[in-house]
1. Please find the FRET efficiency linking residue 492 to residue 471, where r is the Cβ-Cβ separation and R0 is fixed at 22 Å, and quote it to the nearest 0.05.
2. Tell me whether region 156-247 comes out rounded, prolate or oblate; compute the Cα gyration tensor, take square roots of the eigenvalues as a ≥ b ≥ c, and use a/c under 1.5 as the rounded threshold.
3. What list of whole percents do you get for P(r) of region 336-504, with Cα-Cα distances grouped in 10 Å bins up to the one holding the largest distance?
4. Roughly how tilted is helix 212-228, in degrees to the nearest 10 and between 0 and 90, from the longest Cα axis of the chain?
5. Can you tell me the relative contact order of the chain? Whole percent, Cα pairs under 8 Å, sequence separation 6 or more.
6. State the dimensionless ratio Rg/Rh of the chain (Rg: radius of gyration of Cα atoms; Rh: Kirkwood radius).
7. Quickly estimate the mean residue ellipticity at 222 nm for the chain, helices only: each DSSP H run with n ≥ 4 gives -39500 (n - 2.57), and the total goes over all residues, rounded to 500.
8. Using a 10 Å cut-off around each Cβ, can you sort 56, 5, 90 from fewest to most neighbouring Cβ atoms?
């Protein structure tokens, strides 16, 4: 996740945050499965200031009891091994931070967010088996900020100063370094040889995925921003949104979390030596944020409805364009390109299912004479009416298309030649009845007789176990075309099947 050049700089940096020797000793004890509270007492006793902080924490409101702890042994027995290790590392981390110096990076703000995150995760993860470890992970989740500042101070300080929110800082880090401070923090705690749970949780603290523990860390940082950011209302809106999306917590649940954190601000401030003054009315802030979210959700729903309407219009327009690309603009039957695709598909389907496929080839008789005598406008009208007849008379499972000029195809999946012959006869009757519609637009012969429109139709059928099989679509079209020409040779205005069976409808 960390680019090789950046990792090289990290390895070469001699001013990265480090844990003091006492913390390393405590970690060594923690790794020993046989170790107990008694093993920690001599280590902590060497650092009176640290021992005093541990004792003070045991006597704080976090661990309230009827009788206070009088000595370190009582305090450690109350806290337990895991929490003692966590507190020792927490205070060691705080000591490391207090020893760092930066004229540009706001270390007080950094430490305030760290402590508030730890307090928030303690409330969020109450009852979790690893609640103590989550406390330390939340406290250290932004340690990568300090590391990035050490290896690239000038560039990084500008990014910190320009970022208005924590996630804006993360986005800037990704753009500049191709990773963020969560990845750097995970690398650093791994270098400190802390347990892998800390490495995983800190590394996923900006993108928790399905990890419940990483979600706690992620939300704890958002909660801490309520006391850190200059726009607490916006921060509260983000808290409510993150809580709902990541942990399915509603505004009432988050209000209880915030009140719990707020209640322990004085103790945390004293234990960790940080100013946690809270001039904000959190209850009013929660309500204002809820109102803001409702307003935003309403606006979002309106936008979504508008986008859905636009999307539907675009889909409808796309479907119309798609149809136009498939249709012959004059006759509205399929154009040659699409009817050829449909024929190829129907042919392959017929072979796969071993069912018949019949093709009808239609050619209007003396069409050139109609154009020459009455003009192309009349010819176009004849073609339009022909297309209308085909669309109204073929079955829904059939396809009609214009093959070229005055030539049309009808594809009839699942039909034999006899069925096609009957349809062809009905079509010829309908073609002959065009004279009335043509007369209405002034298309009559010189003797005022109506203009007759006829067609020659050829039929060819592919069927299973054919004696002379039609081995391709081209062969099938050629056979139907040949039958149509035989109909022309037979005097036109008739139907011929490729088997030479003639359906004479008169001339």
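Each reported figure results from applying straightforward, stated rules to the coordinates on display, with no laboratory input. Note that the coordinates shown come from a computational prediction; the quantities given were computed from them, not determined experimentally. Neighbour counts run over all protein chains shown; Cβ positions are idealised from the backbone, glycine included.
1. Efficiency for this residue pair is about 0.15.
2. Oblate.
3. Calculated P(r), rounded to whole percents: 11, 40, 32, 13, 4, 0.
4. 70
5. It comes to 10 percent, rounded to a whole number.
6. 1.39
7. -20500 deg cm²/dmol
8. Placing the least packed residue first, the sequence is 5, 56, 90.
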